[in-house]
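**Q** Structure in structure tokens, see below.
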């Protein structure tokens with residue numbers, strides 16, 4: 001009975017990729033969820049219910065992370081020019097900030113050296 005409920009709840013959870021890859025990835029996700037649930041189940045009176053509950057939660061969480069990764073990778077590949085522009089802009093801003101900070105630190109050190117020389121005289 002619990003397996004049927006699990007199947008009903010996880011049936012609409014697909015991935016935005018080709019069917020063959022989707023079935024293979026979902027098979028791996030279900031296997032991982034099974035081993036997580038197997039380790040979490042204490043056995044005994046409520047062991048089966050705990051197993052299926054943990055398996056459902058683990059499956060949905062792993063599926064959500066996998067779905068987000070696949071969607072992000074698909075978005076990056078479809079908008080690769082925008083991604084390169086963002087990465088390039090971030091690199092330029094980082095380099096500019098680095099050199100500005102470095103310039104002002106050198107300037108401050110020179111001022112401190114001059115101040116120390118004036119105080120010693």
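What follows draws every value from the coordinates through simple rules; no lab data is involved. This is a predicted model, so every value here is computed, not measured. Cβ coordinates were reconstructed from backbone atoms using ideal geometry, including for glycine residues, and neighbour counts include every protein chain displayed.
**Q** Any chance you could get the radius of gyration and Dmax over the Cα atoms of region 1-78, in Å?
**A** Every Cα atom of region 1-78 included, Rg and Dmax give 14.1, 51 Å.
**Q** Taking the Cβ-Cβ separation of residue 104 and residue 74 as r and a Förster radius of 41 Å, what is the calculated FRET efficiency to the nearest 0.05?
**A** With a Förster radius of 41 Å, E is 0.45.
**Q** Before rounding to the nearest 500, sum -39500 (n - 2.57) across all DSSP H runs of length at least 4 in the chain and divide by the residue total; then give [θ] at 222 nm in deg cm²/dmol. Before the final figure, lay out each step's value.
**A** Values: 4 runs with 104 residues, N = 121.
Calculated at 222 nm, the ellipticity per residue is -30500 deg cm²/dmol.
**Q** Let me ask another. At 0.36 nm per residue, minus the direct Cα-Cα distance, what do residue 2 and residue 24 gain on full extension? Give it in nm, one decimal, please.
**A** Gain on stretching residue 2 to residue 24: 5.6 nm.
**Q** On a 0 to 90 degree scale, rounded to 10, what angle separates helix 80-120 from the longest Cα axis of the chain?
**A** 40
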